[in-house]
Structures are given as structure tokens and as C-alpha cells.
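Student: Questions regarding the structure given below will be posed in turn.
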Amino acid sequence: MIIRLLARLGAWIRQVVNDLGFSARFMTQLLLSSLRALRRPGLISEQVYFVGNRSLSIILISGLFVGFVLGLQGYYNLQRYGAESSLGLLVALSLLRELGPVVAALLFAGRACTSLTAGIGLMKSGEQLIAMEMMGVDPMDRVLAPRFVAVLIGLPMLALLFSAVGIVGAWIVGVIMIGVDPGSFWSQMQAGVSLTTDVINGVVVKSFVFALLCGFIALVVGHESEATPEGVARATTTTVVISSLAVLASDVLMTALMFGDL
């Protein structure tokens, strides 16, 4: 019994090491191919439209509703302490530091990354990737790298738009509907929000790391999926689950490093 358990543990450790080695090698190849893909702006712009523009509606609508909720909840909580004039600052910091990049990345993983995984999986099941290799075309350079670069470009832009629309939604609720002083709403936001700490670290850096993780997971899962309809379906589900967990776990670490005492 003990020998059987040790054998299973050893097999599991060996599989984990193999997966880590494969992931590191795949990521290295993907990064090198991404540098070469920059010489093909047409392919990248096409993929930016696919992953970015087609995700724009859900990002903007979700950001607006999140701003509505933050405006309502923030006002009701600040009103207890007579600090409702700080509503703009509260909403801006909440969106720029956390909700903007995190929620945008989760929505992006569910909308765009699943499409990338399904597309790569279908190309694999249709033997299109093998056909490219037979014609002397590297699928990493022609198919995967432009999509990866597009994710790195699209997600930070969507996160910025999500935060901006969320602030507008909070302004609509707080200033127009409830009656918070508009001067206090914008002036305290302007005085309390730091470009380096809040905007760059909170939105740009976080969303770029999220894009790196989500793009890599979507492409590697699609590339290694089984060449069957069932395999592609499982791969898309795996992409959503792993990408969401990776976003949340990395957010905890980056928040502790950027805004904590670690």
C-alpha cells in the first residue's frame, strides 16, 4: 500500500515537472515568435480587432453597471460618516487599483480567451497546423504569436476603458441622481489619485500581467487540446477556469507588493 502511494506521488511529481518544463519552453518560443510577429502589423491589427473590439461592448456595459453599484454603495457607506464628498476618490481608487483590471480580465478570459482556445483547437483538429508545418510555415509565428501580441495590447486598453466608464457611471448615480457636489466629486479624485501608483501600477501593470497569463493559457491549452470536438470543448472550459484562477492569484500577489507592506 505504501509503495503504491509513493509510486503515485512520484508519477504526479514527474508529471508536474514535465508540465512546468513544457510550459517554460512554450512560453520562451512564444515570446521569441512575438518579437518576430511585430514585423507583421497587419496580422496583429486583425487579431486586436478580434479580441479587443469584439469584447468592447461587454466591457463597457459591465463597467457602467459596476460604476452604478459602486456609486450607490459608496454613497450609503460614506454618508454614515459625513464623507459623501469623497465618493469620487473612493470609486476611482476601487476601480483603478482592483476592480478595473481584475473584472476586465475575468470578462476577457470568458469572452476572448475562450475564442482563441477554440480557434486554435479547431485548427488543430482540422489538421491546419500540421499542413502549415508541411508547407514550411511555423504555426507559432503565423498563428499563435500574433494572437498573443494582440492580447497584450487589447486587455490593458479594455481595462482602462472599464475603469473610465465605471467612474462615469458612479458620477451619474452620485452627482446627477443623488446630488453629491460635482466639484467635490472631481476635485478629491484629482487630488487623491496618483498617476504612478494608481493608474500605472493599478491598471497598466496589472492588466499587462493578466494579459500575459490569459494569453499564454489560452494558446497553450488550445494548442495541446485533443483533436476532437469534445477535446476542444474541454479546452475552452479549462481556459476559463485556469485563467480566472491565475488572474485572482496574481492579483493578490501584485496588490501585496504594490500597495501593501511586503
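Student: Restricting the search to the range 1-55, which residues are of a type in the set (D, E) and modelled with pLDDT of 80 or more?
Tutor: Within the range 1-55, just E46 meets the criteria.
Student: Which residues, taken from the range 1-56, are aromatic (F, W, Y) and within 13 Å of V151 (Cα to Cα)?
Tutor: Correct list: Y49, F50.
Student: Quick check: anything in the range 42-54 of a type in the set (F, W, Y) and buried (at least 16 other Cβ atoms within 10 Å of the Cβ)?
Tutor: The answer is yes, given that some residue of the range 42-54 is of a type in the set (F, W, Y) and buried (at least 16 other Cβ atoms within 10 Å of the Cβ).
Student: On to the next question. On the basis of being in contact with a helix residue (DSSP H, G or I) (Cβ under 7 Å, 6 or more places away or on another chain), crowded, with 19+ Cβ neighbours inside 10 Å and either acidic (D, E) or under 22 Å from V66 (Cβ atoms) (or both), does G169 make the cut?
Tutor: yes
Student: Turning to a different aspect of this structure: Under 7 Å by Cβ, and 6 or more places apart or on different chains, what pairs join a residue from the range 185-208 that is more than 18 Å from G74 (Cα to Cα) with one that is basic (K, R) and in a helix (DSSP H, G or I)?
Tutor: Filtered contacts from the range 185-208: D198/R97; G202/R97.
Student: Still on this structure, please answer the following. Do you know which of the residues in the range 221-231 that are in a helix (DSSP H, G or I) and buried (at least 21 other Cβ atoms within 10 Å of the Cβ) is modelled with the lowest pLDDT?
Tutor: G222
Student: From the list L155, L129, which one is out of contact with any Leu (no Cβ under 6 Å at 6 or more places or on another chain) and either more than 19 Å from Y49 (Cα to Cα) or among the charged types (D, E, K, R) (or both)?
Tutor: The unique qualifying residue is L129.
Student: Among the residues of the range 1-19, write down those that are in a helix (DSSP H, G or I) and among the aliphatic types (A, V, I, L, M).
Tutor: I2, I3, L5, L6, A7, L9, A11, I13, V16, V17
Student: Taking only pairs six or more apart or across chains, which ones have beta-carbon atoms under 8 Å, a first residue in the range 117-145 that is surrounded by fewer than 16 Cβ atoms within 10 Å (Cβ to Cβ), and a second residue that is of a type in the set (S, T, Y)?
Tutor: D138/S33
Student: So, one more: When both residues are 6+ apart or on different chains and their Cβ atoms are under 8 Å apart, which pairs have a first residue that lies in the range 68-90 and is among the hydroxyl-bearing types (S, T, Y), and a second that is crowded, with 20+ Cβ neighbours inside 10 Å?
Tutor: Here the result reads Y75/E84; Y75/L87; Y75/V173; Y75/G174; Y75/V180; S85/V180; S85/F185, each pair linking the range 68-90 to a residue that is crowded, with 20+ Cβ neighbours inside 10 Å.
Student: How many residues does the range 206-220 contain that are surrounded by fewer than 24 Cβ atoms within 10 Å (Cβ to Cβ) and under 13 Å from L152 (Cα atoms)?
Tutor: Of the residues in that region, 5 qualify.
Student: Looking at L78, L70, L106 in this structure, which one is of a type in the set (A, V, I, L, M, F, W, C), at negative phi and buried (at least 20 other Cβ atoms within 10 Å of the Cβ)?
Tutor: L70
Student: Would you check if S85 is in a helix (DSSP H, G or I), surrounded by fewer than 17 Cβ atoms within 10 Å (Cβ to Cβ) and touching a Phe, Trp or Tyr at 6+ places or on another chain (Cβ under 9 Å)?
Tutor: yes
The values are calculated or read from the model by the stated rules, or taken from the named source; none is laboratory data. All values derive from a computational prediction rather than experimental measurement. All Cβ positions, even for glycine, are placed from backbone atoms using ideal geometry, and neighbour counts span all protein chains on display.
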